[in-house]
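Read through the structure below, which is laid out as structure tokens, and then see the notes.
Nothing in this text is a laboratory measurement; each read-out follows from the coordinates by a stated rule. The structure presented is a predicted model; accordingly, all values stated were derived computationally and were not measured. Here Cβ is always computed from backbone atoms with ideal geometry, including for glycine, and neighbour counts include all displayed protein chains.
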Amino acid sequence: MKSILPLAAALSLSCSAFALAGAPPALVVTGQIKVSNQTRAGEYHFSKAELERLQQRTIQTKTTWTPKSAFSGPTLSAILRVVGAAGRPVELVTEDQYKVVIPPGDQSRYQPILALRINGRPLEEMGFSPWMMYPLNDFRELQTADIDAKLAWRVKTLVVR
Ligand SMILES: Nc1nc2c(c(=O)[nH]1)N[C@H]1C(S)=C(S)[C@@H](COP(=O)(O)O)O[C@H]1N2
Ligand SMILES: [Mo]
């Protein structure tokens, strides 16, 4: 019993800290960023609400997994502008620790998004949010199986290189 008490105290402390801080971030950005909103420098946490307030884009496309659908969410460029990292390479890290790098050229040419919705419905409901999405239907060169590796879902962290 004696040994459980400090643990219980630590747990209630971390729970109240969690309650104060609110929901966990929808997206964490680290690495070579100029703007931080955390005590810890070099880290920016986006809430879902903040992601929804950024410049949104809708991409009409089919994917390997889905028929032609409307994907919407903030552009990767808009997210990077907030943290002062526009035009830098970015490594996406997903919930399941899958990693892929999105080069700057892709950001300007294709304006990919971190999709939050499919046909207006939250991708979160399906466990796919946010989902890196490119306008596959609009570019011939994106219509190869190679692009699938960039379409990471459940993106948790962006590491700016
Ligand atoms: N979260 C997450 N997204 C991911 C992956 C993954 O492992 N986890 N794999 C990527 C790769 S390498 C490809 S080719 C496609 C298809 O993955 P699948 O074959 O597992 O469907 O999803 C991409 N997105
Ligand atoms: Mo893959």
Between Arg121 and Gln55, what FRET efficiency follows from the Cβ-Cβ distance if R0 is 22 Å, with the result rounded to 0.05?
0.60
Suppose the Debye formula is applied to equal point scatterers at every Cα of the chain; what is log10 I(q)/I(0) at q = 0.16, 0.17, 0.20 Å⁻¹?
-0.89, -0.98, -1.31
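Give the relative contact order (percent, whole number) for the stretch 12-161; include only Cα pairs under 8 Å separated by 6+ residues. Could you put the intermediate results ahead of the total?
On the way: 301 pairs, mean separation 37.8, N = 150.
Relative contact order comes out at 25 percent.
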Any aspartates and glutamates whose Cα falls less than 13 Å from that of Lys34, other than same-chain ones fewer than 8 residues away, would be Glu43
The orientation-averaged projected area of the Cα convex hull of the stretch 46-132, in nm², is 5.7
Using a cut-off of 9 Å between beta-carbons, work out the net charge of the residues near Val159 (Lys and Arg +1, Asp and Glu -1, Val159 not included).
+1
